[in-house]
Amino acid sequence: LRGRRRPFLGHNPLGTYMILALLGLVALQGSFGLFTLEHNDAVAGPLKRLANDNWVKWLSDWHRRGFNIIMAFVALHVFANLTYQFFKKDPLITGMITGKKPAAAYEDEHEAALVRRPMLRALVCLVLAATAVLGGIIALGGKLN
């Protein structure tokens with residue numbers, strides 16, 4: 001806002017908050033969906049039986065609204081990235097696609113670290129996340145149909 005450019009190798013502070021907001025919204029959307037009742041009572045979330053009818057109605061309403069809320073945040077995120085790429089000349093999108101940014105003095109350069117075997121780490125994270133979600137549903141007595 002002061003006109004001073006502070007380039008970041010990764011997310012800038014506002015971008016970090018946006019990512020946390022998006023992750024939180026998606027987590028809420030998924031969590032609410034576990035308890036919902038959809039499509040004229042034909043489809044129920046695997047944990048619906050654990051909540052009373054008032055909670056199921058409230059969670060179902062917010063689950064339906066959640067998509068539009070998430071899409072508004074996604075649109076804002078895309079708009080911000082396009083603004084940085086084309087107006088501020090910060091190659092965010094290029095960096096996301098190629099994994100590289102031009103050499104420069106970045107604010108967060110000292111925090112950046114190259115990880116070994118990033119695909120293996122990603123796979124381990126995916127397996128742990130799937131185990132946590134599916135295991136949680138099963139532990140709470142839900143069904144995986």
Exercise. Between LEU14 and LEU128, what length comes free when the chain is fully extended (0.36 nm per residue of separation minus the Cα-Cα distance, one decimal in nm)?
Worked result: 38.2 nm
Exercise. Convex hull volume of the Cα atoms in the stretch 20-125, per residue, in Å³?
Worked result: 167
Exercise. Roughly how many nanometres apart are two label points built 7 Å out from the Cα toward the Cβ at MET119 and LEU50?
Worked result: 3.6
For this session: May I ask you to derive the relative contact order of the chain, considering only C-alpha pairs under 8 Å and at least 6 residues apart, and to give it as an integer percent?
Result: 28
Problem set entry | Rounded tilt (10° steps) of 118-139 against the dominant C-alpha axis of the chain | 20
For this session: Express in Å², to the nearest 10, the accessible area of LEU28 obtained by rolling a 1.4 Å probe over the protein heavy atoms while all chains stay in place.
Result: 90
Problem set entry | Angle between the chain longest axis and helix 13-33 axis [Cα atoms, degrees, rounded to 10] | 10
For this session: Calculate the dipole size of the chain relative to its Cα centre from +1 charges on Lys and Arg beta carbons and -1 charges on Asp and Glu beta carbons; express the result in debye to the nearest 20.
Result: 420
For this session: Check cross-link reach from LYS89 to the lysines: straight Cα distance under 30 Å, and skip same-chain residues fewer than eight apart.
Result: LYS100, LYS101
Problem set entry | Computed helical MRE - 222 nm, the chain, DSSP H runs ≥ 4 contributing -39500 (n - 2.57), nearest 500 | -20000 deg cm²/dmol
Problem set entry | Alpha carbon centroid spacing (whole Å) that separates the stretch 86-137 from the stretch 53-73 | 29
Problem set entry | Degrees, to the nearest 10: 53-86 long Cα axis against longest axis of the chain | 10
Exercise. What ranking, highest mean first, results for peptides 54-66, 5-17 when packing means the other Cβ atoms within 10 Å averaged over each residue?
Worked result: 54-66, 5-17
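The values are calculated or read from the model by the stated rules, or taken from the named source; none is laboratory data. All values reported here derive from a predicted model rather than from experimental measurement. Note that we place each Cβ from the backbone using ideal geometry, even for glycine, and neighbour counts take in every protein chain shown. Ligands, DNA and RNA are stripped out before the accessible areas are found, and what is left, the full protein with its side chains, is counted by its heavy atoms. Shrake-Rupley method; radii C 1.70, N 1.55, O 1.52, S 1.80 Å.
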